[in-house]
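Q: Just passing along the structure, written as structure tokens.
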Amino acid sequence: MFSKVSGPVRLADQVAAVLADEIESGRLAEGDKLPTEVELVKQLGVSRTVVREAVSRLRNAGLVEPRQGRGVFVLPRRTRPLDLEAEAADTKAKVLQIVEVRRPIEGEAAYLAAARATPDDLARMSRALDAIDAAVAAGGDGVDEDLAFHQSIAESTGNAVMVSTVRYLGEVLRGGIRVTRANEARRQDFIEAVRHEHHAIFAAIEARAAESARAAARLHLKHAALRLQDADDGFWNDSPDLAVDLDTAP
């Protein structure tokens, strides 16, 4: 049904575009079931990780719906919700714009979490921080663990809209977070700074210091932008870490 896709870094974008075109053209109609993950991997010549990320984007765009134990199905045509996927990019300017979007949202999430987090919420945040450290120590980029930490803060707000928004932005911003963490991994002082900033956010939330939590979250994103600005052009134009992670992850 599909031809293999190939090309530069963002294979998930290409796969999502191929599937979206099938849906928008009507070749995959309302109620149709997408080929299985295994079939898509074989037909498109990409990894399961790429297929999952592409399907996640289609879900966020309101094009498909996963149904437990049955597969992924095409949804009825309707006015599409805001879709930021097309805005995702790996250029310095675009990622800096993404960081600007994160600052007020995650600052407010930290503020609310400081006022509302339960002991279980705090325990979940602490485990998320430990998971980041473990991933970095094992040589990983810590992207999934980083997202889980910020998601745990959103969940601690008790605000369902905040949770959904941060979850959606987490998927949209995955590439941006991957870029920031790949950049930060270049230098030990960056790694230590990021770790300190994460723990400062958690400490303020744990202490019920809402204003401090908001300030710590916003400062973390401000410093992330400064660290990105410090990256040389070669990092953005030819980053082997990004290419490996996006193209060949198992």
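Nothing in this text is a laboratory measurement; each read-out follows from the coordinates by a stated rule. Source: prediction; values computed, not measured. Every residue, glycine as well, gets a Cβ built from its backbone with ideal geometry; the counts of neighbours run over all protein chains shown.
Q: Roughly how many debye, to the nearest 20, is the charge dipole of the stretch 92-138 about its Cα centre, given +1 on each Lys and Arg Cβ, -1 on each Asp and Glu Cβ, and no other charges?
A: Roughly 240 debye for the stretch 92-138.
Q: OK, next. Quick check: from the Cα gyration tensor, does the stretch 96-135 come out rounded (a/c under 1.5), prolate or oblate?
A: Taking the square roots of the gyration eigenvalues as a ≥ b ≥ c, the stretch 96-135 is oblate.
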